[in-house]
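Okay, structure first, notes after.
The values are calculated or read from the model by the stated rules, or taken from the named source; none is laboratory data. None of these values were measured; they are calculated from a predicted model. Neighbour counts run over all protein chains shown; Cβ positions are idealised from the backbone, glycine included.
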Amino acid sequence: MEAFFTSTLLVAIAEIGDKTQLLSFVLAAKLRRPYPIMAGIFVATLLNHALAASVGAWLASLISAQALNWIVGLSFIGFGLWALKPDKLDSDPRILGAGVFVTTLIAFFLAEMGDKTQFATVALAARYDALALVVLGTTLGMMLANVPAVWIGEALAHRINLRQVRWFAAASFVLMGFWTLAVSGALSD
């Protein structure tokens with residue numbers, strides 16, 4: 001269960017102020033249909049993170065345990081530094097004529113490609129030998145951060161101190177990185 005809880009917590013924290021959360025605000029404001037938006041976010045996240053976790057598990061099978069511990073630990077530290085950089089949407093997302101669910105699914109899946117939470121999912125799956133628990137945890141973390149964004153929208157965005165959240169997310173990732181290195185014995189080598 002450690003994989004599930006760690007995955008949920010790290011992604012939920014890291015997602016606050018992330019570009020996909022900003023996309024949730026925009027989709028909620030433009031489409032005004034919360035249930036299909038949340039369903040689209042859920043399916044897109046589940047697919048994206050299942051793919052990412054599969055890559056992480058595959059990479060873990062190719063790399064020695066010692067090298068993997070260093071790579072995962074340093075990756076988490078890198079994600080911590082990345083979390084300090086504020087995210088923004090590249091442009092105003094186009095709303096497809098394919099319906100709210102499909103529009104959200106496609107927009108969210110594409111926005112999550114190359115995002116820090118996707119890379120964190122790769123690292124978490126490499127760190128833990130529990131692919132399903134990592135996918136479920138990262139998906140739950142994503143939903144915990146984005147469902148309120150869909151429901152409350154812009155009003156919530158202005159009430160959260162995103163700078164403090166970024167620092168908290170950064171500290172969480174850095175601590176996870178050092179914890180991974182310490183538990184694996186990589187720091188004592």
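Close Cβ contacts (under 9 Å, 6 or more residues apart or on different chains) running from residues in region 40-55 that are surrounded by 17 or more Cβ atoms within 10 Å (Cβ to Cβ) to residues that are of a type outside the set (A, V, I, L, M) and outside any helix (DSSP H, G or I) comprise Asn48/Asp115. For region 112-139, filtered to residues that are surrounded by fewer than 21 Cβ atoms within 10 Å (Cβ to Cβ) and part of a helix (DSSP H, G or I), the residue that is nearest to the chain's Cα centre (by Cα) is Phe119. Whether any residue in region 86-106 is within 30 Å of Arg163 (Cβ to Cβ) and modelled with pLDDT of 80 or more is what I want to check. Yes, region 86-106 contains a residue that is within 30 Å of Arg163 (Cβ to Cβ) and modelled with pLDDT of 80 or more. Contact map, region 9-25: residues that are farther than 11 Å from Pro148 by Cβ and touching a residue at least 12 places away in the same chain (Cβ under 8 Å) paired with residues that are assigned to a helix (DSSP H, G or I) and among the aromatic types (Phe, Trp, Tyr), Cβ distance under 8 Å, separation 6+ or inter-chain. Pairs shown: Leu10/Phe173; Ile13/Phe168; Ala14/Phe79; Ala14/Phe173; Thr20/Phe108; Leu23/Phe108. The residue of region 28-40 that is modelled with the highest pLDDT, among those that are farther than 10 Å from Val102 by Cα and in contact with a helix residue (DSSP H, G or I) (Cβ under 7 Å, 6 or more places away or on another chain), is Met38. The residues listed here are Phe109, Phe79; of these, the one that is modelled with pLDDT of 85 or more, surrounded by 16 or more Cβ atoms within 10 Å (Cβ to Cβ), touching a helix residue (DSSP H, G or I) at 6+ places or on another chain (Cβ under 9 Å) and aromatic (Phe, Trp, Tyr) is Phe109.
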